[in-house]
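Report on one structure; see the data block that follows.
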Amino acid sequence: MNTGSVAITGARNTRGRLAVVVVGVCIAVAIVAPDPDPYRRSLLHFHDFLHVPGFALIVGALLVGFDTAYDTARRRRLWRLLGVSAVATVIGVGIELFQSLVGGSADPWDVARDGGGIVIAGLWAASRWREVRVAARRLLRSAALALAVAFLLPTLGALLDEAHARHQFPVLADFSTRAELTRFGWSIQSRAVLEPADRADSGPRVLHLFLSPGTYPGLTFEFFPRDWRGWSHFVLVCTNPGGAPFPLTIRINDLKHNQEYTDRYNGTFMLAPGVSEIRVPLADVEAAPRTRKLDLGNVALVVAFSYNLREPRELLIRQIRLER
């Protein structure tokens, strides 16, 4: 073997070792990286998005690290690209299975995001093939960029709504934008839609909540400015469109909540037919935990539900706000 061949072999071996290191680091980060703040949508979505560049990096590392046939026939390069993509897919599925086995947060959608990163890397790699014409190269790279932006859209949307929430504070929700719907979650016995407001004193839309019979039908309100110090009341303006009253419980807890009933605020209000304005004194919220004061500077969650509902009910939520 001549000196040139030895040098080429040594360079390939070095690239292969570096590729293994890069892939190993990516796998380790995916497994051991801590989860983000569960009450920051933008961080949650960005954490999910990182699967896309992470698996694009894995594919890129494997292609560069084990590049032994760059100048060979296009068919061989295509099969090599498909093989590397298959390996990366197995890695992604394996990470999620491992996390499920050790009690971590396994998410099938993470596999889809992994696949997005794999496709992006494949499109970019194919755009670098010599025989690909300029127009096709631009098309492939544009497709890769568009796919990356598509996966980033939830993060961008969350950032925009978080900025809107800061601007509208102390109003916590008035449904002036459809993006506000992403601040809420629903129990399995509930569903909700935004509808045009039916009153001139409402915002442009109301949240129409449908409550099915069950133990805890209702909604959770998770994403809002958390510092409620200096305000005196939490106010929920709603309408019971039915002909009979029904009870609605408001639960409020802070970030330190230990999941015990006695460590949060719980108040039940009877909603008569028509418009109601539920007013919760924040002094009562602060004093609600049995062994401490609730931290009004770090409010985490508001839940509105009807306990042990026996028949279907509906609720129109018009506005949620704080008052001095």
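The values are calculated or read from the model by the stated rules, or taken from the named source; none is laboratory data. Keep in mind that what you see is a predicted model, and the values were worked out from it rather than measured. Here Cβ is always computed from backbone atoms with ideal geometry, including for glycine, and neighbour counts include all displayed protein chains.
Going through segment 158-177 one residue at a time, which ones are without any contact (Cβ under 8 Å) to a residue 24 or more places away in the chain and either assigned to a helix (DSSP H, G or I) or not assigned by TED's automatic domain parsing to the domain that holds Leu309 (or both)?
Filtering segment 158-177 for residues without any contact (Cβ under 8 Å) to a residue 24 or more places away in the chain gives 160, 163-164, 167-168, 177.
Hits for segment 158-177 are Leu160, Ala163, His164, His167, Gln168.
From Phe210, Phe151, which residue is modelled with pLDDT of 95 or more and under 30 Å from Leu78 (Cα atoms)?
Values: Phe210 fails: under 30 Å from Leu78 (Cα atoms).
None of the others qualify; the one that does is Phe151.
Considering every residue within segment 289-297, establish whether at least one is free of Cβ contacts under 8 Å to residues at least 60 places away in the same chain, small (Gly, Ala, Ser), out of contact with any Pro (no Cβ under 6 Å at 6 or more places or on another chain) and assigned to a loop (DSSP other than H, G, I, E, B). Walk me through how you get there before you give the answer.
Taking segment 289-297 and keeping what is free of Cβ contacts under 8 Å to residues at least 60 places away in the same chain, we get 289-295.
From what's left, small (Gly, Ala, Ser): none.
Scanning segment 289-297 turns up no residue that is free of Cβ contacts under 8 Å to residues at least 60 places away in the same chain, small (Gly, Ala, Ser), out of contact with any Pro (no Cβ under 6 Å at 6 or more places or on another chain) and assigned to a loop (DSSP other than H, G, I, E, B).
Do you know which residues across segment 121-141 are within 22 Å of Gly54 (Cβ to Cβ) and loosely packed, with under 15 Cβ neighbours inside 10 Å? It would help to see each step written out before you state the result.
Going through segment 121-141, the residues within 22 Å of Gly54 (Cβ to Cβ) turn out to be 121-128, 140-141.
Result: Arg128, single match.
Quick check on this structure: which one of Asp227, Asp198 is in a loop (DSSP other than H, G, I, E, B), over 22 Å from Asn298 (Cβ atoms), of a type in the set (Asp, Glu) and out of contact with any Pro (no Cβ under 6 Å at 6 or more places or on another chain)? First the steps, then the outcome.
Values: Asp227 fails: over 22 Å from Asn298 (Cβ atoms).
Sole residue among the options that is in a loop (DSSP other than H, G, I, E, B), over 22 Å from Asn298 (Cβ atoms), of a type in the set (Asp, Glu) and out of contact with any Pro (no Cβ under 6 Å at 6 or more places or on another chain): Asp198.
Results for (1) small (Gly, Ala, Ser); (2) at pLDDT 85 or above, shown as yes or no for each residue.
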site: Thr3; (1), (2): no, no
site: Arg12; (1), (2): no, no
site: Arg15; (1), (2): no, no
site: Val22; (1), (2): no, yes
site: Val25; (1), (2): no, yes
site: Ala33; (1), (2): yes, no
site: Asp37; (1), (2): no, no
site: Arg41; (1), (2): no, yes
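Tell me the residue from Trp129, Trp109 that is more than 20 Å from Leu82 (Cα to Cα) and of a type outside the set (A, V, I, L, M), please. Steps first, please.
Values: Trp129 fails: more than 20 Å from Leu82 (Cα to Cα).
From the options Trp129, Trp109, the qualifying one is Trp109.
Is it true that Glu286 is modelled with pLDDT of 95 or more and under 25 Å from Thr177 (Cβ atoms)? Working first, answer last.
On the way: modelled with pLDDT of 95 or more: yes; under 25 Å from Thr177 (Cβ atoms): no.
Criteria not met by Glu286.
Quickly run through segment 230-272 and pick out the residues that are over 29 Å from the mean Cα position of the chain (by Cα), touching a residue at least 60 places away in the same chain (Cβ under 8 Å) and part of a strand (DSSP E or B).
Hits for segment 230-272 are His233, Thr239, Asn240, Phe246, Pro247.
Could you list, in sequence order, all residues of segment 255-268 that are touching a strand residue (DSSP E or B) at 6+ places or on another chain (Cβ under 8 Å) and either surrounded by 16 or more Cβ atoms within 10 Å (Cβ to Cβ) or of a type in the set (D, E, K, R) (or both)?
Residues of segment 255-268 touching a strand residue (DSSP E or B) at 6+ places or on another chain (Cβ under 8 Å): 255, 257, 263-268.
If the condition is that a residue be touching a strand residue (DSSP E or B) at 6+ places or on another chain (Cβ under 8 Å) and either surrounded by 16 or more Cβ atoms within 10 Å (Cβ to Cβ) or of a type in the set (D, E, K, R) (or both), then His257, Asp263, Arg264, Tyr265, Gly267 are the ones that fit.
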